[in-house]
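Down below is the structure, laid out as structure tokens.
The values are calculated or read from the model by the stated rules, or taken from the named source; none is laboratory data. Here the structure is a predicted model, which means the values were calculated and not measured. Here Cβ is always computed from backbone atoms with ideal geometry, including for glycine, and neighbour counts include all displayed protein chains.
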Amino acid sequence: MTLFGMVVFLVVIGVGLYLIDRYVPMNRTIKSILNIVVIVVVGVFVLNAFGVLRAFPRLRIGMGF
């Protein structure tokens, strides 16, 4: 994935999360859990895309990419 593609991906995820937080009526606790899960998944995706996770072969979080 190119750097431009990564930036577009992060902007789309950020805008989507903002829209969900702003306009979908949910309990505050559920919104917090959703935000944490999205941040962790996107963080793992970004680390994997830049090859940081490949440095740790015993860590099995490849996610198929």
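What to note about this one:
- Options Gly51, Gly62: the member that is in contact with a helix residue (DSSP H, G or I) (Cβ under 8 Å, 6 or more places away or on another chain), at pLDDT below 90 and either loosely packed, with under 12 Cβ neighbours inside 10 Å or acidic (Asp, Glu) (or both): Gly62
Residue by residue, here is whether (1) of a type in the set (Val, Ile, Thr); (2) part of a helix (DSSP H, G or I) holds:
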| position | (1), (2) |
| --- | --- |
| Ile13 | yes, yes |
| Gly16 | no, yes |
| Pro25 | no, no |
| Lys31 | no, yes |
| Asn35 | no, yes |
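- Applying the condition of being polar (S, T, N, Q) and surrounded by 10 or more Cβ atoms within 10 Å (Cβ to Cβ) to the stretch 1-39 and asking which residue is nearest to the chain's Cα centre (by Cα) yields Asn35.
- Flag for Val7 being modelled with pLDDT of 95 or more and under 25 Å from Leu53 (Cα atoms): no
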